[in-house]
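The values are calculated or read from the model by the stated rules, or taken from the named source; none is laboratory data. Values in this document were obtained by computation on a predicted structure and should not be read as measured data. Neighbour counts are summed over all protein chains in view; Cβ atoms, including those assigned to glycine, are modelled from backbone coordinates with ideal geometry. Protein only, heavy atoms only, side chains kept; ligands, DNA and RNA dropped before computing areas. Shrake-Rupley method; radii C 1.70, N 1.55, O 1.52, S 1.80 Å.
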Amino acid sequence: MGKVLQVRVWATTYNDDDVLREWPRLHKLAWPVESPVYVAKQGVLEMVDTLVDAHRFADWPEDVRELTGEGLRQLAAVRVQLDAALADWDPKAANRLTDQIEDLLTGIEKVLPKA
């Protein structure tokens, strides 16, 4: 790796609209329409980070907080593992972890109320 030019292994969401299509209820939970907060990027990892923080600090209904608790704890742990795999330049592990993140998001999405 050069002194100025660096090589990185990273994970990103190519199209933020895919996140909304894949997990609409989680997207709304992370970024409510009425929220005055501007979010530049609404990718998968940004949603994971927002949901984990919101679970701790946002004014969510108690049933939603309970339904999402365990899944979000697992997501937070896998997110840390993903960061470590990327820092270690381990794309094989990172790919496995991105699959886990998507599976966990899908599982949480399925248990959320439809309204």
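Values computed for the structure shown
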item: Any chance Gly69 is loosely packed, with under 15 Cβ neighbours inside 10 Å and under 17 Å from Leu112 (Cβ atoms); result: yes
item: Per-region count, the range 42-67, residues over 12 Å from the mean Cα position of the chain (by Cα) and part of a loop (DSSP other than H, G, I, E, B); result: 4
item: Matching entry among Thr106, Thr98 (being surrounded by 14 or more Cβ atoms within 10 Å (Cβ to Cβ) and among the hydroxyl-bearing types (Ser, Thr, Tyr)); result: Thr98
item: Inter-residue pairs, beta-carbon under 8 Å, first within 18 Å of Asp88 (Cα to Cα) and in the range 5-21, second aromatic (Phe, Trp, Tyr) and part of a loop (DSSP other than H, G, I, E, B), 6+ apart; result: Val9/Trp89
item: Qualifying residue in the range 73-82 (condition: part of a helix (DSSP H, G or I), touching an Asp or Glu at 6+ places or on another chain (Cβ under 8 Å) and open to solvent by less than 70 Å² (accessible area, probe 1.4 Å)); result: yes
item: Pick from the range 31-41, criterion more than 25 Å from Ala11 (Cβ to Cβ) and open to solvent by 80 Å² or more (accessible area, probe 1.4 Å), ranking: nearest to the chain's Cα centre (by Cα); result: Val33
item: Filter result for Glu70 (over 23 Å from Asp17 (Cα atoms) and either of a type in the set (D, E, K, R) or not in a helix (DSSP H, G or I) (or both)); result: yes
item: Where a residue in the range 55-74 is under 17 Å from Arg25 (Cβ atoms) and touching a residue at least 24 places away in the same chain (Cβ under 8 Å) and its partner, wherever it lies, is open to solvent by less than 90 Å² (accessible area, probe 1.4 Å) and part of a loop (DSSP other than H, G, I, E, B), with Cβ under 7 Å and at least six apart; result: Val64/Leu112; Leu67/Leu112
